[in-house]
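What follows is one structure encoded as structure tokens, with my remarks underneath.
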């Protein structure tokens, strides 16, 4: 009997990579080597020796994972004995020089103020101009000095550039991931039977395109769960709207003396059955009480 293999059509590692690429299209970068960060911190002051050590470990794990993935892509799967092992690609964290490390700092200093945007601002972001994802900067050591090398929502150089939120875009691959996720989700048993499932897909894609980059890597490393929740909420929103419209249509049909939709008839029959069963139960209890 042929063994079926599980196909992982989307994984968090690939999604995170495309999210980072998409966000970088909205950023100024001094050099491409600073595009990928090794650790996320809340401020420059948090970049201590312990954080630097953790960044080295993160970079080591990333290099090991990438080396193993490349080896597996060229390996013959039938050759089980000579299958590459992850430990063969291990890298000593201490081998990375401090100038090879990149630190992402969540920072909104470069985002212009927008007083009055919200009546009761609760966070710093509420007092700033609206952005399509959490603002950040990348820092790296150059000549033993911590220097800003990447700035989000910025067009042009650091010295004469300007704040901008509309010069970037999501990558084609991330867009394909959105399409694939919505398509697969719409095939679930609890959704695929609806005649307006196409509207659900369309609403979900619009929502993903609007807030897809709002995923915050500093709070979670599971974008798949985040996107799935977005799709589910979009589907549910369309379902509720269609149910409300259907109830209005059914009420009009009943007022005009016509039969309502089949689902309204089934619902009415269920209500009548429930009332009948409740009445029978009350009669039985009263009869038993009278007999005693």
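Decide, for the range 1-145, between rounded, prolate and oblate: order the square roots of the alpha carbon gyration tensor eigenvalues as a ≥ b ≥ c, take rounded if a/c falls under 1.5, and otherwise choose prolate if a/b is larger than b/c, else oblate. Verdict is oblate for the range 1-145.
Taking the longest Cα principal axis of the chain as reference, the axis of helix 49-74 is set at about 80 degrees. With contributions of -39500 (n - 2.57) from each DSSP H run of at least four residues, the per-residue ellipticity at 222 nm computed over the chain stands at -16000 deg cm²/dmol. For the chain, a Gaussian network of Cα nodes joined below 10 Å ranks 253, 174, 101 by mean-square fluctuation, and the top entry is 253.
When only Cα pairs under 8 Å and 6 or more residues apart are kept, what is the percent relative contact order across the range 172-255? Reported relative contact order: 31 percent. When the chain is treated as a GNM with alpha-carbon contacts under 10 Å, the residue of 94, 18, 54 showing the greatest mean-square fluctuation is 94. Across 207, 86, 64, mean-square fluctuation computed from a Gaussian network of the chain (C-alpha pairs under 10 Å connected) peaks at 86. Each pair of Cα atoms in the range 172-255 enters the Kirkwood radius, and Stokes-Einstein at 20 °C and 1.002 mPa s then converts it into a translational diffusion coefficient of 153 µm²/s. Averaging the sequence gap over all C-alpha pairs within less than 8 Å and six or more residues apart, then dividing by the number of residues, gives the chain a relative contact order of 21 percent. Convex hull of alpha carbon positions in the range 44-87: directionally averaged projected area 3.8 nm². Using a Debye calculation, one point per C-alpha and no hydration shell, please list log10 I(q)/I(0) for the range 214-265 at q = 0.14, 0.15, 0.25 Å⁻¹ in order. The Debye formula, applied to the Cα set alone, gives -0.54, -0.57, -0.90.
Can you say what percent of the DSSP beta bridges in the range 26-163, counting only those with both residues inside, are antiparallel? Round to 5.
So the antiparallel bridges in the range 26-163 amount to around 85 percent.
When DSSP beta bridges are restricted to pairs lying wholly in the chain, around 85% turn out antiparallel.
Take the Cα coordinates of the range 124-263, assign each an equal point scatterer, and use the Debye formula without solvent to give log10 I(q)/I(0) at q = 0.13 Å⁻¹. For the range 124-263, the Cα-only Debye profile gives -0.77. Helix 197-211 and the longest principal axis of the C-alpha atoms of the chain enclose an angle of approximately 30°. With respect to the chain, whose longest principal axis is taken over its alpha-carbon atoms, helix 223-255 is tilted by about 30°.
No solvent, one uniform scatterer per C-alpha: report log10 I(q)/I(0) for the chain via the Debye equation at q = 0.13 1/Å, two decimals. Computed log10 I(q)/I(0) values: -1.07.
Where a number appears in this text, it was derived from the coordinates with a stated rule and is not lab data. All values derive from a computational prediction rather than experimental measurement.
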